Structures are given as structure tokens and as C-alpha cells.
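Notes follow the structure.
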Amino acid sequence: MIPRPRVLERIDETFRVHSVAALLGPRQCGKTTIARMIAEQRPSTYFDLENPVDVRRLTAPMRALEKLSGLVIIDEVQRKPDLFELLRVLVDRPDNPARFLLLGSASPYLVKGVSETLAGRIGFTDLSGFDLTEVGAGQSERLWIRGGFPRAYLAADDPAAMLWRDDFIRTFLERDIPQLGITIPAETLRRFWTMVAHYHGQIWNAASFARSLGTSENTARRYLDILAGAYVIRVLPPWFENIRKRQVKAPKIYIRDSGVLHALLQLQTLADLQGHPKLGSSWEGFAIEQIIGALETRNTYFWATHAGAELDLLILVRGKRFGFELKYADAPARRRSMLIALDDLHLAHLWVVYPGDQPYDLDDKISVIPMADLTRLPSLIG
């Protein structure tokens, strides 16, 4: 088992402020394993809403929950959204004796009412698969090719990892999505998801997707919202600066897990990927996920102008702006676009992430760093 201490620390921090902590992320990313680790450390009661016995235990939820103390874990909570109103009543009791850990595979806006009902009482922690800080910098290639889902990353070999990801995609579309009350044919969503894989790292164009799918732009946007809400697509919003330049206003789209991206594109090995036109954008998306994971932030954007200046990733940390360019190249050089981004966006620093092993400076405010160095990014930012 690969330890994930940062996640445990975040949940502990949440419980110091709130009575309810939500651990949210895609199916099979390790939420249940983490919850069981927490349960071993303190008195706890566990409900798994995919277990028919536990579902029956919650037939009368007030009676089942009101006398419990210590930690109460409710797994796959999105399957019973009527619990949220009851939890508000329970945590508002004087001297409330319980803390509730909710595990979910859908974002709050897909589970109607959770944010509003428990506002001020709940803290959210997002969980993805393994990242470099957990598996170690020396495992970056394996993590990139297989992705971070534990069973894919830890599989005996590349074919076994690919088989698991293929099964994950099928189960996700045929079982998990319908369980959210979404009645879109699995094959339709698979076509859309595969299209996103081919557009990975590009600007979202609803009209293009609608034409290819033979549907409306609103329907294409709904498909995007569903998969983003289930944590399998990242929609990276654009940043707008108050400058006299026409700036791109549509978001970029990425498959969040690089292993799932490669499975959708039927790329099993590094050799397969190196001969594919999505090589560079696959690297870009993988690096974005590692940076976001290392800095544990949601303040993430990209920036681009219609004149061609762009920045792959803009992150806001404690009032400062930091930029990232993500280059699958042997020795990235300084480019005019980097200088424009530094000036127009008032960046404190710009890092160029590449697959090499030697860091070097291109400027006082532009540094090239290996992918492996992202594990120490928080200390670099200070």
C-alpha cells in the first residue's frame, strides 16, 4: 500500500473546523481505503451505500444515525442525497457527539442540495489517483503511462493495467453514471469522452462537438458538465487580464487521468505514445495534474490571446501569480510568449516543466525544472 499522509492531514484539518468532511473524487481512486485507515484510528461506524445491508440499515436514517457518536463514515453518499438535510439537523445539535465523513464520486453540483444544505458545516477534500509526491519522483514515467488509479498503477504489467482501465471506462459509463440518475446511453457518452481525448489540451468548442455528435451545443455542454462533475474531465477556465488585447474566453479541456486518456486512445506503452500526435498534450495534462496536486489548489487557469501569446497554467497562491509552461522537449528555450506572459500577467515567477533531469535558469524569473522537481514545488514557491 502506498501511504497518502497529506490526504489524512487535510481531513483532520477539516474536522478541526467542521462537523462534516467530504472526500470527493472519481470511482476507484482510493477514497474507501483512506476512510478505512481513518476508521482504524478512532471509534467509528461505517455505512456503504452500495451494500444492500447498509442501505437497509438506513431505511429509517434518523433512528440509525441520531444515537451514534465518534466518526460516522457514509460511502457513496451521492446515492442517497436525502441524507444531507438530516445531517444538517444532526450536526446542529448542541454538543453534537459525532463527526461525519462523506465519500462521494460526484461533485456537489451533481448531487443536488449538498452545498446549500450543509453550507458552513462541511469542508471538501478532492482526491485523485496517486501523484508524484506519493509514488516518488523516480516513478514519473510509469505514473504518466498508467495513470494514478491505484489498481492500474500497481498492476503486474502494462497489459494488466490497460485491461483494468478498459474495464473502468465500461463500468463507469454503464453503471456509475446511471446511478446518478443520468439517462444518457453509455455508447453516446463513450463517443463524447473519446472525442474529448482527441481534443485533450485544446480549447473547448461546443459547436464542433455538437456537429460530430449530431446534437445541439447545449447537449454537448451537458455531456461535458456531467463528466467534469464525475471528476474524469478537467475544464481549465481562462484567465482574463485588464489589458488591451483580445483574450481567449473559452476553457481548455483535459482528461484528468493520463492512464484513462491513453486507454481511450488505445495507447498501452510509452512506445505507443511516442508515435502518437497527442504525445505533447498528454505530457501537458499529466504535468498540470501533478502541479495542482503538489500545490493543493483550485485557483487554476490558462491564459491566451488571439495574437498567439499563451500560458499553459496560471496558479494563484497567497496573492501571488505563478506561471507554468509544460514542454515535452530536450532543452526548452526562452520564448517571446513567456516574456509577454510575465509582463502582462505580472507573474512572480514562471517555470518551464520538462522531462529532463537538470534544472536551469532562462531568466531571473524563468526557470526550467524537471518533472521530478514538482514534488518540491511548495518549497520553491515559498
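Remarks
- Pairs linking a residue in the stretch 250-269 that is closer than 15 Å to Phe192 by Cβ and aromatic (Phe, Trp, Tyr) to a residue that is at pLDDT 95 or above and part of a helix (DSSP H, G or I), with Cβ atoms under 9 Å and 6 or more positions apart or on different chains, are Tyr254/Val196; Tyr254/Leu261; Tyr254/Ser281; Tyr254/Glu284; Tyr254/Gly285; Tyr254/Ile288; Tyr254/Glu289.
- Any chance Gly120 is buried (at least 22 other Cβ atoms within 10 Å of the Cβ), out of contact with any Lys or Arg (no Cβ under 8 Å at 6 or more places or on another chain) and either in the same structural domain as Ile291 (by TED's automatic domain parsing) or not hydrophobic (A, V, I, L, M, F, W, C) (or both): no
- Every residue from the stretch 146-167 that is among the small types (Gly, Ala, Ser) and either in contact with a Phe, Trp or Tyr (Cβ under 8 Å, 6 or more places away or on another chain) or not in a helix (DSSP H, G or I) (or both): Gly147, Gly148, Ala152, Ala155, Ala156, Ala161
Every residue, every condition in (1) among the aromatic types (Phe, Trp, Tyr); (2) in a strand (DSSP E or B); (3) in contact with a helix residue (DSSP H, G or I) (Cβ under 6 Å, 6 or more places away or on another chain); (4) free of Cβ contacts under 8 Å to residues at least 60 places away in the same chain, yes or no:
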{"position": "His18", "(1), (2), (3), (4)": "no, no, no, no"}
{"position": "Leu68", "(1), (2), (3), (4)": "no, no, no, yes"}
{"position": "Ile73", "(1), (2), (3), (4)": "no, yes, yes, yes"}
{"position": "Phe84", "(1), (2), (3), (4)": "yes, no, yes, yes"}
{"position": "Ser107", "(1), (2), (3), (4)": "no, no, yes, no"}
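- Yes/no for Ile291 being among the aliphatic types (A, V, I, L, M) and under 30 Å from Leu270 (Cβ atoms): yes
- The set of residues in the stretch 34-58 being among the charged types (D, E, K, R), buried (at least 16 other Cβ atoms within 10 Å of the Cβ) and under 28 Å from the mean Cα position of the chain (by Cα) consists of Asp48 alone.
- Out of Asp131, Asp158, Asp126, one residue alone is more than 21 Å from Ile288 (Cβ to Cβ) and either outside the structural domain of Thr375 (by TED's automatic domain parsing) or not β-branched (Val, Ile, Thr) (or both). It is Asp158.
- Within the stretch 28-46, residues that are assigned by TED's automatic domain parsing to the domain that holds Ile73 have Cβ atoms under 6 Å from residues that are in a strand (DSSP E or B) and surrounded by fewer than 16 Cβ atoms within 10 Å (Cβ to Cβ) in these pairs: Pro43/Gly70; Ser44/Gly70, counting only partners at least 6 apart in sequence or on another chain.
- Selection from the stretch 290-309 of residues that are more than 11 Å from Leu326 (Cβ to Cβ) and not aliphatic (A, V, I, L, M): Gly293, Glu296, Thr297, Arg298, Asn299, Thr300, Tyr301, Trp303, Thr305, His306, Gly308
Quick grid of which residues meet (1) at pLDDT 90 or above; (2) outside the structural domain of Pro26 (by TED's automatic domain parsing):
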position: Val91; (1), (2): yes, no
position: Glu116; (1), (2): no, no
position: Asp176; (1), (2): yes, yes
position: Ile184; (1), (2): yes, yes
position: Gln202; (1), (2): yes, yes
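- One residue stands out in the stretch 232-258 among those that are closer than 21 Å to Ser107 by Cβ and basic (Lys, Arg): the one that is surrounded by the fewest Cβ atoms within 10 Å (Cβ to Cβ), namely Arg234.
- The stretch 329-351, residues that are in a loop (DSSP other than H, G, I, E, B) and either small (Gly, Ala, Ser) or in contact (Cβ under 8 Å) with a residue 40 or more places away in the chain (or both): Ala329, Ala331, Ala333, Ala348
- Failed item, numbered, when Arg170 is tested on (1) in a strand (DSSP E or B); (2) basic (Lys, Arg); (3) assigned by TED's automatic domain parsing to the domain that holds Thr375: (1)
- Output for the stretch 296-316, where each listed residue is assigned to a strand (DSSP E or B), over 11 Å from Lys245 (Cβ atoms) and among the β-branched types (Val, Ile, Thr): Thr300, Ile315
- Boolean, Leu132 is of a type outside the set (Ser, Thr, Tyr), in contact with an Asp or Glu (Cβ under 9 Å, 6 or more places away or on another chain), touching a residue at least 12 places away in the same chain (Cβ under 8 Å) and within 18 Å of Leu261 (Cβ to Cβ): no
- Taking (1) more than 30 Å from Leu173 (Cα to Cα); (2) part of a loop (DSSP other than H, G, I, E, B); (3) at pLDDT 95 or above in turn, Arg99 satisfies each apart from (2).
- Filter result for Lys31 (basic (Lys, Arg) and surrounded by 18 or more Cβ atoms within 10 Å (Cβ to Cβ)): yes
- Of all the residues in the stretch 265-290, those that are touching a strand residue (DSSP E or B) at 6+ places or on another chain (Cβ under 8 Å), hydrophobic (A, V, I, L, M, F, W, C) and buried (at least 23 other Cβ atoms within 10 Å of the Cβ) number 2.
- Residues (of a type in the set (Ser, Thr, Tyr) and part of a helix (DSSP H, G or I)) located in the stretch 267-295: Ser281, Ser282
The values are calculated or read from the model by the stated rules, or taken from the named source; none is laboratory data. Source: prediction; values computed, not measured. Using ideal geometry, Cβ is built from the backbone for each residue, glycine included, and neighbour counts are taken over all protein chains shown.
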